[in-house]
Amino acid sequence: MAAPTLAIVVPCYKETEALPASLGTLLGLLDEFAAEGIAAPDSYIMCVDDGSPDATWSVIEEWHGRDSRVKGIRLAHNRGHQCALLAGVDAVADRCDAAVTIDADLQDDPRAMRAMLGHMADGAEIVYGVRSSRESDSWFKRTTAQGFYKFQHMLGLETVYNHADYRLMSARALRYLRQYGESNIFLRGIVPQIGLQTAVVEYPRTARTAGETHYPLSKMIALSIDGVTSFTAKPMRWIFTVGLLLLVVDIAVALWVLIAYFRHATISGWASLMLSVWFLGSLILMGLGIVGEYIGKIYTEVKHRPRYALRDELFD
Ligand code: UDP
Ligand code: MG
């Protein structure tokens with residue numbers, strides 16, 4: 001079997017500092033893979049400039065001029081990491097046998113791609129990169145990130161623990177991914193739903209080589225909420241459950257109110273008010289929960305917005 005053409009998809013937002021070194025490393029790695037015969041010599045890097053306001057696109061153009069294996073697309077507007085990733089895999093899906101997505105700062109060890117290609121040769125179509133340690137991350141980043149996974153699991157979201165968006169997907173898996181028409185994209189939730197044969201490669205996560213994180217807590221929370229709201233209606237179901245629990249509590253409340261009433265220990269009107277407040281409260285919550293179920297469905301059905309627009313393209 002011929003070695004697969006590999007496309008390395010790199011989302012870049014304000015990465016002028018980290019990108020040159022990263023591209024050098026990745027090109028070197030592609031040379032090694034070609035020499036070892038585990039990836040075809042026409043394997044390439046697809047940089048996705050996520051509407052960076054700085055000189056990121058100039059860096060990509062410059063490197064493309066130097067080595068045509070560095071290719072690029074540029075989103076017209078900053079659409080966020082997930083969208084940039086999707087734009088990248090969309091662009092390469094028909095022009096490669098497999099694509100690996102990796103962050104521009106190479107915090108996720110690019111050498112793990114060798115093992116990923118190995119698993120692919122053994123038939124895996126999706127290979128997840130999983131961080132074996134996060135020592136290089138700050139305590140805060142580590143704790144919030146771990147909390148993020150735990151929260152998702154609590155809500156019944158199927159994600160791979162300690163896997164971010166460093167993964168290899170075969171061309172076929174990429175085409176399946178395309179069929180997900182939703183615009184609230186949370187790849188870590190979608191990819192496990194595709195199925196196909198999967199494998200896991202562990203690697204230690206290192207510190208950012210240059211520049212600074214563009215994933216502050218606010219963006220992590222936004223991603224977390226996106227992940228939850230686009231994959232599970234559980235929070236809405238909780239509203240219903242709370243309503244149901246209150247209905248049970250109602251029985252105790254009703255008993256207490258009736259006892260107080262018959263002991264003549266109440267002022268007039270209190271008993272009827274108490275009973276109706278508790279009963280109606282639980283009914284309203286349950287009603288909200290039921291309406292919520294439908295709204296949740298409508299929400300996921302309706303959002304067929306285009307995800308991104310291309311501003312420039314370097315594809316030759
Ligand atoms: N990124 C992007 N769009 C954004 C923010 C980030 O494409 O709006 C890219 C960024 O260039 C990097 C990757 O997403 O390649 C991960 O970002 P970063 O390294 O800043 O996050 P962290 O590793 O700290 O979670
Ligand atoms: Mg990073």
Total residues in region 155-178, condition open to solvent by 50 Å² or more (accessible area, probe 1.4 Å) and touching a helix residue (DSSP H, G or I) at 6+ places or on another chain (Cβ under 9 Å): 5
Limited to region 108-130, what total is found for residues that are within 14 Å of ligand 2 (Cβ to nearest atom), open to solvent by less than 20 Å² (accessible area, probe 1.4 Å) and out of contact with any helix residue (DSSP H, G or I) (no Cβ under 6 Å at 6 or more places or on another chain)? 1
Taking residue 18, is it modelled with pLDDT under 95 and either within 24 Å of the chain's Cα centre (by Cα) or farther than 27 Å from residue 207 by Cβ (or both)? yes
Qualifying residue in region 238-258 (condition: at pLDDT 90 or above and either within 16 Å of ligand 2 (Cβ to nearest atom) or touching a Pro at 6+ places or on another chain (Cβ under 8 Å) (or both)): no
State yes or no: is residue 87 within 16 Å of ligand 1 (Cβ to nearest atom) and touching a Lys or Arg at 6+ places or on another chain (Cβ under 9 Å)? yes
So how many residues does region 148-163 have that are within 14 Å of ligand 1 (Cβ to nearest atom) and free of Cβ contacts under 8 Å to residues at least 60 places away in the same chain? 3
Does residue 203 fit the bill of being over 18 Å from the mean Cα position of the chain (by Cα), within 16 Å of ligand 2 (Cβ to nearest atom) and open to solvent by less than 70 Å² (accessible area, probe 1.4 Å)? yes
Taking region 42-86, which residues are within 16 Å of ligand 2 (Cβ to nearest atom), among the polar types (S, T, N, Q) and farther than 18 Å from residue 26 by Cβ? 52, 82
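The values are calculated or read from the model by the stated rules, or taken from the named source; none is laboratory data. Treat the numbers as computed from the prediction; the structure is a model and nothing was measured. A quick note on method: Cβ atoms are made from the backbone with ideal geometry, for glycine too, and the neighbour counts reach across all protein chains shown. The accessibility values were calculated without ligands, DNA or RNA, using every heavy atom of the protein model including side chains. Shrake-Rupley method; radii C 1.70, N 1.55, O 1.52, S 1.80 Å.
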